[in-house]
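No value in this document is a laboratory result; all are computed from the given coordinates. This structure is a prediction, so every number in the text was calculated from the model and none was measured. Methodologically, a virtual Cβ is constructed for each residue, glycine included, from the backbone with ideal geometry; neighbour enumeration extends over all protein chains shown.
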Amino acid sequence: MRVLGGIHHVSLNVDDAEAGRAFYEDVLGLTRLERPDLGIPGFWLDAGDFQIHLIEIPGHQAPAGQHFAFRVDDADAARARLQALGVEVSEPSVIGAGRQCFLHDPAGNLIELNQPDAAGAPA
């Protein structure tokens, strides 16, 4: 029996919550959600099937190599759109069962854009 369902949210530490919000909302197109007063600055954002929770931690430094991935239908189109907005995105490469490219949010958190091939796409 499987205990876990899908991902509900990914919590990301950022050194500037407002800069993170602007990036995830204005650049990546996520929608801001209502967030209760938790006593620390942050934002909750709707990413479709899951949420991104930004938590402001002064002086935060993103851990090297740790990342999460957004699924995209077309890695080249996603990369071109982000580059047009001034975001640095790596060249797409084929690794495993699809294509991927990488970028960083303003806090340095590593984000993958993943375009699964038909065989590697989850049902």
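Values for this structure:
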{"item": "DSSP-defined antiparallel bridges as percent of all bridges, the chain, nearest 5", "result": "60 percent"}
{"item": "Of (i) 1.07; (ii) 0.98; (iii) 1.02, the label for Rg/Rh (Cα atoms, Kirkwood Rh) derived from the coordinates", "result": "(ii)"}
{"item": "From phi via Karplus (6.51, -1.76, 1.60), per-residue ³J(HN,Hα) for segment 66-73 in Hz, x at Gly/Pro", "result": "5, 7, 9, 10, 9, 6, 10, 7"}
{"item": "Dipole of the chain, positive end: most advanced residue of 77, 58, 114 [Cβ charges, Cα centre]", "result": "114"}
{"item": "Rounded to 10°, Cα long-axis angle of helix 75-84 versus longest principal axis of the chain", "result": "50 degrees"}
{"item": "Per-peptide average of other Cβ atoms within 10 Å, ordering 70-79, 3-12, 91-100, 21-30 highest first", "result": "21-30, 70-79, 91-100, 3-12"}
{"item": "Sum of side-chain charges, residue 99 neighbourhood, beta-carbon under 13 Å (Lys, Arg +1; Asp, Glu -1)", "result": "-4"}
